[in-house]
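Asks: Structure provided below as structure tokens; questions to follow.
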Amino acid sequence: MCGWSVQEYSPNAFEVKVTHPQTPLLGAPIELPVTAKYYMGKSLSKAQLSWSVRAMDEHFAPTGFEDFVFTEALFDWRLQQKLGGEPRFSAQGRADIGADGAVKVAFSVPQNSRMPQPRRVRFLTEITDINQQTVAERSEFLAHSSDFYLGIARMPDVVREGEKLPLQLVAVRTDGTPTPEPVEATVKLTRIEW
């Protein structure tokens, strides 16, 4: 049997909050307000903040459109290899907390230029006060590469020579609703030999 023995426990002296962005777009500046306050209500000042951000390509799968495929290249390693692009991004930095206990952390997450799709952004911040106590806070959100995504209806596994290839498209906004107006699209079929 294994157990833990707590000899001395010291709760955090302050809390850290990160405000999520409303509708972040890849390639555009993203600002995350970060605040730090002592639990007694006073703003934390004279503190150092360090932050890091990691972003990875994410599949777009809106509810109600399960018969359609969006940004499917993400899951096919052979296609990723042929198209190239950078599926990951990371950055880090430091900032000083203002007298009001707040700071805005600004960064930009680029889109995957070869396979534009959403990216899952993971933001981590750590703040160290003058007593050398460090408190961390995480935030996670989805940043989009466009205002809407095109989905292609799932194709049959086999199409016989001479048969027409059924092709149905749908345009869905980032909130998962169809675009209110028709969207013009150009479809390019490319044969890739494995």
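The values are calculated or read from the model by the stated rules, or taken from the named source; none is laboratory data. This is a predicted model, so every value here is computed, not measured. Please note: Cβ atoms are built from the backbone with ideal geometry, for glycine as well, and neighbour counts cover all protein chains shown. These area figures cover heavy atoms from the full protein model, side chains too; ligands, DNA and RNA do not enter into them. Shrake-Rupley method; radii C 1.70, N 1.55, O 1.52, S 1.80 Å.
Asks: Suppose accessible area is computed on protein heavy atoms with a 1.4 Å probe; arrange ASP175, ASP157 from highest to lowest.
Replies: My answer, sorted largest first, is ASP157, ASP175.
Asks: Leaving ligands and nucleic acids out of the surface, order LYS42, LYS164 by accessible area at 1.4 Å, largest first.
Replies: LYS164, LYS42
Asks: Another one. Arrange the residues GLU86, GLU137, GLU8 by how much accessible surface each exposes, largest first, with a 1.4 angstrom probe.
Replies: The ordering from most to least exposed comes out as GLU8, GLU86, GLU137.
Asks: Grab the chain and count how many Lys pairs have their alpha-carbon atoms under 21 Å apart, sequence gap of 8 or more, or different chains.
Replies: Counting lysine pairs in the chain gives 10.
Asks: Averaging sequence separations of C-alpha pairs under 8 Å and six or more residues apart, then dividing by the length of region 92-194, give the relative contact order as a whole percent.
Replies: 17
Asks: Pull out the extension gain between ASN12 and GLU161, defined as 0.36 nm times the separation in residues minus the alpha carbon to alpha carbon distance; nm, one decimal.
Replies: 46.8 nm
Asks: Next up: How large is the accessible surface of ARG120 in square angstrom, using a 1.4 angstrom probe and rounding to the nearest 10?
Replies: Counting only protein heavy atoms, ARG120 exposes about 60 Å² to solvent.
Asks: If Lys and Arg each add +1 and Asp and Glu each add -1, what is the summed charge of the other residues whose beta carbon sits under 13 Å from the beta carbon of ASN12?
Replies: Around ASN12, the surrounding residues sum to -2.
Asks: Please state, to two decimals, what the Cα-based radius of gyration of the chain comes to when divided by 2.2 N^0.38 Å (N = residues).
Replies: Here the Cα radius of gyration is 1.41 times the empirical estimate.
Asks: LEU124 to ARG173: FRET efficiency via 1/(1 + (r/R0)^6), r the Cβ-Cβ distance, R0 25 Å, to the nearest 0.05?
Replies: 0.30
Asks: Still on this structure: Between ASP96 and LEU142, what length in nm is gained on full extension when 0.36 nm per residue of separation is reduced by their alpha carbon distance?
Replies: Length difference between fully extended and current span is 13.9 nm.
Asks: Mean residue ellipticity at 222 nm from the helices of the chain, using -39,500 (n - 2.57) per DSSP H segment of n ≥ 4 over the full residue count, to the nearest 500 deg cm²/dmol?
Replies: The helix-only estimate for the chain comes to -1000 deg cm²/dmol at 222 nm.
Asks: Run the accessible area of the chain with a 1.4 Å probe and give the carbon-and-sulfur part as a rounded percent.
Replies: C and S fraction of accessible area: 50 percent.
Asks: Let me ask another. Accessible area per residue for the chain in Å², computed with a 1.4 Å probe and the full protein assembly in place, what is it?
Replies: Per-residue accessible area for the chain comes out at 70 Å².
Asks: Give the relative contact order (percent, whole number) for the chain; include only Cα pairs under 8 Å separated by 6+ residues.
Replies: 26
Asks: Same structure, new question: With a 1.4 Å probe and every protein chain left in place, tell me how much accessible area LEU142 has, in Å² to the nearest 10.
Replies: Counting only protein heavy atoms, LEU142 exposes about 50 Å² to solvent.
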